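Undergrad: Starting off with a structure, shown below.
The values are calculated or read from the model by the stated rules, or taken from the named source; none is laboratory data. Computed from a prediction, not measured in an experiment: that's the story for all the values here. Note that we place each Cβ from the backbone using ideal geometry, even for glycine, and neighbour counts take in every protein chain shown. With ligands, DNA and RNA removed, areas are computed over all heavy atoms of the protein, side chains included. Shrake-Rupley method; radii C 1.70, N 1.55, O 1.52, S 1.80 Å.
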Amino acid sequence: MKILRFTVLAAVLLGISAALFAGGFALSGVGSRATSMGGAFRGMADDATAMFWNPAGLAFMDQSEISLGGTFIQPDSRWQNTVPLEYMPGFSLDELEAENKMSIIPTALGVFAKNPKAVFGLGVYVPYGLGATYDAYQLPASMLGNPVTWSSGFPENEMSSSVSIFDIHPSIAYKITDNLAFGVGISVFYGSIDLAQIKPSPTSSYFAPTTFDMSGTGIGFGGNAGIMYKPLKNLSLGFNGRFPSNIDMQGEAEVLLWLNNLANFTVWGGNNPDFLVAQTYGGKEDIDATLKLPGELGAGLSYKILPNLALNLDYAYTMWDRLDVIKVEMENPIVILENHPLMQVELEETELVFNWENTHRVSLGTEFRFGGNALRAGFFYDQSPITVDTQIPTLSDIGNKTSLNFGFGRDFGPITLDLNGQYVTMEEREVTEFTGNNMLGIYNTSSISGNIGLTYRF
């Protein structure tokens, strides 16, 4: 019975830690043009997306513009459990594929560039998002050779996550001299999280899984600042920093322990036939948690080899180590197996350990213009902040990432159409040592995405 009590508590901890950062890696960037160059844009930053990449670049814009865009991301995430079934009853040993679901991410940007010194911008975009959904667990039909029954309502997709963070971003840039500018932006974040997790019993004696379901929303504040310096006519240098920030989340969490009829009979002493029925134990409660977003430092250069051919190089250092410990607080304790003298669990507050690591990203891109057309290509290499100690299937960032990007732009008078395609692959990861915050197995993830942007200049 002590094993079952530990199972319930461990399931709760794993469920919450998985939830807060399911699919939790920064998206590859904002804007079709910048993304098609692999995000090597801090040194160029000469359109409305400078609000994200380097707000100082706005100061060198001589036309106002309105830009609308959308990114379409199709991830492919797979996980193969490698734990013997006697320790993970209910899970398959086959490779499982996450639900094949396309994400659509909108962007809207506007720049007012009528003042020769100061330029203003306002943008709405999504810097963080995505997730994964798995139908990975089947309730066993028998226990110790005996058929069993279960309560209704067991979730079909017992491991899932959806995270999206919108950034409402007013910006201003000021040209200090003809070749030097400074810019700053304020972020008003709106975050939304929905997730589900499951923890099976570590022994086939009970077959007692615990499910965790959580949803929450919240608002936070942050910002970025940048410098743009053009020492030569064909050379531009950009430096940008994004401030660490928090989003205070409020929502609900439900924790349920599922006992089949024979397990329920055993838990309550095996001497009362009234307990020979399937039961769920637990409940739902309001929660508060703080979602920590990382700070970032970046630098880039843009060099025009020819008047119509630019080569861009970019580097970013992201401080994911802020995600060390997250505290989740229940408004009232969730009580499981209430009135049981040995196995009752009360969850009121817990600290969750992530120990994510800081990362480096290097990007290379180019743009070739001819007539009213533009051809673009790019590449980036981006480390994963997630360690094997906290890797689970619904965290779709499973390894260091490599991307290939291609793009096309076409001017139609004051209107420009930009298109981009991107393929991202990640290194396979195998988790072989259980820490209490991860799930063993072999992980693979890749994604295909496209972007379309429409810009009107005036």
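Undergrad: Considering P333, P414, P385, which residue is under 24 Å from V255 (Cβ atoms) and of a type outside the set (D, E)?
TA: P333
Undergrad: Taking F380, is it among the hydrophobic types (A, V, I, L, M, F, W, C), modelled with pLDDT under 95 and surrounded by 19 or more Cβ atoms within 10 Å (Cβ to Cβ)?
TA: When the stated conditions are applied, F380 does not pass them.
Undergrad: Does L352 qualify as being in contact with a Gly (Cβ under 8 Å, 6 or more places away or on another chain), in a strand (DSSP E or B) and not small (G, A, S)?
TA: In short, no.
Undergrad: Moving on. Looking at the range 306-321, which of its residues are part of a strand (DSSP E or B), more than 15 Å from G57 (Cβ to Cβ), touching a strand residue (DSSP E or B) at 6+ places or on another chain (Cβ under 6 Å) and of a type outside the set (G, A, S)?
TA: Result: L309, L311, L313, Y315, Y317, T318, M319.
Undergrad: Next question. Inspect all residues belonging to the range 135-142 and state whether any of them is of a type outside the set (S, T, Y) and part of a strand (DSSP E or B).
TA: Checked against the condition, which is being of a type outside the set (S, T, Y) and part of a strand (DSSP E or B), the range 135-142 yields no hits at all.
Undergrad: Any chance the range 433-442 includes a residue that's more than 18 Å from the chain's Cα centre (by Cα), more than 30 Å from P200 (Cβ to Cβ) and either in contact (Cβ under 8 Å) with a residue 12 or more places away in the chain or in a strand (DSSP E or B) (or both)?
TA: No, every residue in the range 433-442 fails to be more than 18 Å from the chain's Cα centre (by Cα), more than 30 Å from P200 (Cβ to Cβ) and either in contact (Cβ under 8 Å) with a residue 12 or more places away in the chain or in a strand (DSSP E or B) (or both).
Undergrad: Which of the residues that make up the range 118-147 are farther than 30 Å from A56 by Cβ, hydrophobic (A, V, I, L, M, F, W, C), open to solvent by 20 Å² or more (accessible area, probe 1.4 Å) and touching a residue at least 60 places away in the same chain (Cβ under 8 Å)?
TA: L139, L144
Undergrad: Could you tell me which residue of the range 408-432 is farthest from F368 (Cα to Cα), considering only residues that are more than 18 Å from the chain's Cα centre (by Cα) and outside any strand (DSSP E or B)?
TA: Going through the qualifying residues, I end up with T432.
Undergrad: Moving to a separate point now. Give the residue that is nearest to F112 (Cα to Cα), with candidates limited to residues of the range 443-458 that are in a strand (DSSP E or B) and open to solvent by 30 Å² or more (accessible area, probe 1.4 Å).
TA: R457
Undergrad: Could we say that S161 is in contact (Cβ under 8 Å) with a residue 12 or more places away in the chain, among the small types (G, A, S), in a strand (DSSP E or B) and under 30 Å from V83 (Cβ atoms) here?
TA: yes
Undergrad: If I filter the range 82-93 for residues that are within 28 Å of the chain's Cα centre (by Cα) and modelled with pLDDT of 90 or more, do I get at least one hit?
TA: Checked the range 82-93: at least one residue is within 28 Å of the chain's Cα centre (by Cα) and modelled with pLDDT of 90 or more.
Undergrad: Can you name the residue in the range 293-305 that is surrounded by fewer than 22 Cβ atoms within 10 Å (Cβ to Cβ) and either of a type in the set (A, V, I, L, M, F, W, C) or in a strand (DSSP E or B) (or both) and is also farthest from the chain's Cα centre (by Cα) among such residues?
TA: I305
Undergrad: Do we have any residue at all in the range 71-85 that's of a type in the set (F, W, Y), touching a Ser or Thr at 6+ places or on another chain (Cβ under 8 Å) and not in a strand (DSSP E or B)?
TA: For the range 71-85, residues of a type in the set (F, W, Y), touching a Ser or Thr at 6+ places or on another chain (Cβ under 8 Å) and not in a strand (DSSP E or B): absent.
Undergrad: Now for a different question. Identify, from the list Y303, Y317, the residue that is aromatic (F, W, Y) and more than 24 Å from P127 (Cβ to Cβ).
TA: Criteria check complete, one pass: Y303.
Undergrad: Give the residue that is nearest to I227 (Cα to Cα), with candidates limited to residues of the range 50-63 that are open to solvent by 10 Å² or more (accessible area, probe 1.4 Å) and assigned to a loop (DSSP other than H, G, I, E, B).
TA: Out of the qualifying residues, it is M61.
Undergrad: Report the residue count in the range 324-373 for those that are closer than 30 Å to S36 by Cβ and within 31 Å of the chain's Cα centre (by Cα).
TA: Selection size over the range 324-373: 12.
Undergrad: Here is a list: G378, G399. Which entry is more than 30 Å from Q250 (Cβ to Cβ), part of a loop (DSSP other than H, G, I, E, B) and touching a strand residue (DSSP E or B) at 6+ places or on another chain (Cβ under 9 Å)?
TA: Of G378, G399, the one residue that is more than 30 Å from Q250 (Cβ to Cβ), part of a loop (DSSP other than H, G, I, E, B) and touching a strand residue (DSSP E or B) at 6+ places or on another chain (Cβ under 9 Å) is G399.
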